[in-house]
Amino acid sequence: MRTLWKPLLVGLLLATTAAGALSTWVSWRAARVEVDELLDAELSQSVRALAVLAEGLLGDDSLDAQPRELPAWQGAMEQLGAAATGARGHAYERLRRYYLWRGERLLLRSQDAPALDREAAIEGFGEVVEGDAVWRSFRLDGPDGLRALGLEPLQVRAHISVEIARGMAWPLLLELPLLGLLIWAAVRMGSRSLRRIARAVSAQAGDRLQPIERTRVPVEIHGLVDAINDLLGRVDETLRRERRFIDEAAHELRTPVAGMRLHLSNLIEAEDDAGRTRALAQIQRAQARLERGVAQLLTLSRLGPGAPAPRSQRVDLSAQLPGWLAEWIDAGLANDDELELVAEPGCAIDIDPDQLQLLLRNLVDNALRHGGRPAQVRIEVVRSANEVRLAVEDAGPGLPPDERARVLDPFYRPPGTRADGSGLGLSIVARVVELSGGQLSLGAGREGHGLRVEIAWPSSPRVP
């Protein structure tokens with residue numbers, strides 16, 4: 001199971017280690033430069049002191065045939081601290097060599113130092129290669145052909161640099177466990193708010209969702225809490241809507257079921273054929289109403305949240321509407337009802353054809369049911385620069401302005417409505433318009449009466 005604190009711990013520990021290592025490396029580089037400068041200064045100072053002493057103490061009559069040797073303490077370079085230091089000197093001094101010439105004659109050299117040509121080193125600081133060893137050199141030329149030379153192996157400087165690096169790295173390595181423990185504790189403390197939020201979400205009741213309080217939540221995760229609260233609010237509203245939908249659906253279906261039960265009783269108790277015929281006709285009307293209500297409930301459920309994305313394609317309304325309307329007219333348009341279609345050519349939109357038929361069928365059916373007797377329904381399709389508008393208008397009593405928004409709610413039927421229906425037709429239309437990216441508006445008819453339902457969609461590009 002993936003956790004949040006482990007990658008945070010590892011990431012912070014790696015970042016801190018990398019920063020510490022970089023700081024150590026930079027400090028080591030600076031220390032190495034300082035060590036080189038210090039040793040160069042010491043080497044030049046010792047050579048200069050040797051030259052000054054030689055000028056004052058050595059004369060031609062006091063020089064032997066063989067050069068004198070400068071003794072050095074025979075310590076070990078691998079020794080550290082006090083072990084490398086004794087009463088007679090330091091372990092590093094045996095590795096430094098000195099030479100003193102007057103003219104071509106070698107006057108003085110360090111103990112066990114091999115013979116060296118007086119021109120082997122340049123004046124001032126330089127380097128001398130002897131076999132596999134490289135030496136740092138400093139040559140000082142004095143009066144009367146006096147020349148002093150000091151050599152120090154670069155191995156000494158490398159050894160000192162390694163010891164400095166070790167001394168700086170060990171504290172970093174030793175502090176890593178403590179650093180990891182402190183980072184782990186800090187991450188755990190910082191994640192307490194997340195665990196508190198998780199407990200608050202887990203404690204939510206399924207039938208009543210409450211927002212999470214932000215009083216004890218750090219400012220950095222206020223956005224997360226706000227997003228969770230927004231989600232909880234939307235889920236709670238969806239649950240409330242579904243419960244209301246189920247209650248209203250049950251109430252809506254109860255009416256035709258009760259009517260069918262009553263008409264069945266009338267059918268059983270009828271004493272003649274005329275009574276039985278009337279009861280059968282009433283049963284058929286109740287059955288049709290029940291069937292239509294169930295079909296609309298299923299349709300609205302399929303179009304609800306979580307519905308699959310519509311399969312949009314280019315549909316030319318002016319070309320498709322005549323055929324669809326002819327099919328619906330043949331399927332049951334009353335003889336005295338009037339249906340008029342006015343469509344401009346080239347009115348194409350991007351929409352799912354099945355959902356478009358569903359929208360049109362509900363619009364036309366709603367207009368025929370509530371458009372009075374005989375019903376007069378006008379369908380208009382027009383195109384502007386960037387959009388296509390579909391309008392369905394009836395000649396019925398219409399709706400007051402304050403009722404037009406409410407009729408889009410499921411099961412809502414305006415007061416005084418006498419036509420059969422379940423109050424779902426315009427709800428289905430509104431949902432299809434939302435899924436297809438259109439805009440729905442309700443208003444009065446052209447002459448100030450009736451209901452005009454108008455939908456606008458972005459027009460589909462023309463196919464060349």
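The values are calculated or read from the model by the stated rules, or taken from the named source; none is laboratory data. What you see is a predicted model, and the numbers here were worked out from it, not measured in a lab. No Cβ is skipped: glycine too gets one built from the backbone with ideal geometry, and neighbour counts run over all protein chains shown. For the accessible areas, the whole protein counts, side chains as well, though only heavy atoms, and no ligand, DNA or RNA atoms are used. Shrake-Rupley method; radii C 1.70, N 1.55, O 1.52, S 1.80 Å.
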Original post:
Using the per-residue mean of other Cβ atoms lying within 10 Å as a proxy for protection, in what order, highest first, do the peptides 119-126, 430-437 fall?
Top reply: 430-437, 119-126
Original post:
In square nanometres, what is one fourth of the surface area of the convex hull spanned by the alpha carbons of the range 371-443?
Top reply: 5.6 nm²
Original post:
Given the Cα-Cα distance of TRP184 and ALA165 and 0.36 nm per residue of separation, how much length would full extension add, in nm?
Top reply: 4.0 nm
**OP:** Would you check the accessible area of TRP25, probe 1.4 Å, heavy atoms only, in square angstrom rounded to 10?
**Re:** 140 Å²
Original post:
Could you give the length gained on full extension between ASP132 and GLN210, defined as 0.36 nm per residue of separation minus the Cα-Cα distance, in nm?
Top reply: 20.0 nm
Subject >> Cα pair distances in the range 130-196, grouped into 5 Å bins until the bin that holds the longest one, percent each >> reply: 3, 12, 10, 10, 9, 9, 8, 6, 6, 6, 5, 5, 4, 3, 2, 1, 1, 0
Subject >> Phi-based couplings in Hz for the range 211-216 (Karplus 6.51, -1.76, 1.60; Gly and Pro marked x) >> reply: x, 7, 6, 9, 5, 10
Original post:
For ASN229, what is the net charge nearby, where nearby means another residue's Cβ is under 13 Å from its Cβ and Lys, Arg count +1, Asp, Glu -1?
Top reply: -3
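Set the Förster distance to 35 Å, then compute FRET efficiency between GLU55 and LEU154 from the Cβ-Cβ distance, nearest 0.05. Don't skip to the answer; put the middle values down first.
Details: r = 30 Å, r/R0 = 0.85.
Between GLU55 and LEU154 the formula returns 0.75.
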**OP:** At 0.36 nm per residue, minus the direct Cα-Cα distance, what do ASP273 and GLN439 gain on full extension? Give it in nm, one decimal, please.
**Re:** 54.5 nm
Original post:
Using r as the Cβ-Cβ distance of LEU22 and GLN111, and R0 as 41 Å, what FRET efficiency do you calculate, to the nearest 0.05?
Top reply: 0.40
Original post:
For ASP226 and ARG446, what does the FRET efficiency come to when R0 = 56 Å and r is the distance between their Cβ atoms, rounded to the nearest 0.05?
Top reply: 0.75
Original post:
Once amide H atoms are placed 1.01 Å from N in the peptide plane, what residues at a sequence separation of 5 or more from GLN210, or on another chain, have their amide H within under 5 Å of its amide H?
Top reply: ALA205
Subject >> Estimated distance in nm for a label pair at ALA385 and ILE122, the labels positioned 7 Å out from Cα along Cα-to-Cβ >> reply: 8.0 nm
**OP:** Mind grabbing the accessible area of THR277 for me, 1.4 Å probe, Å², rounded to tens?
**Re:** 90 Å²
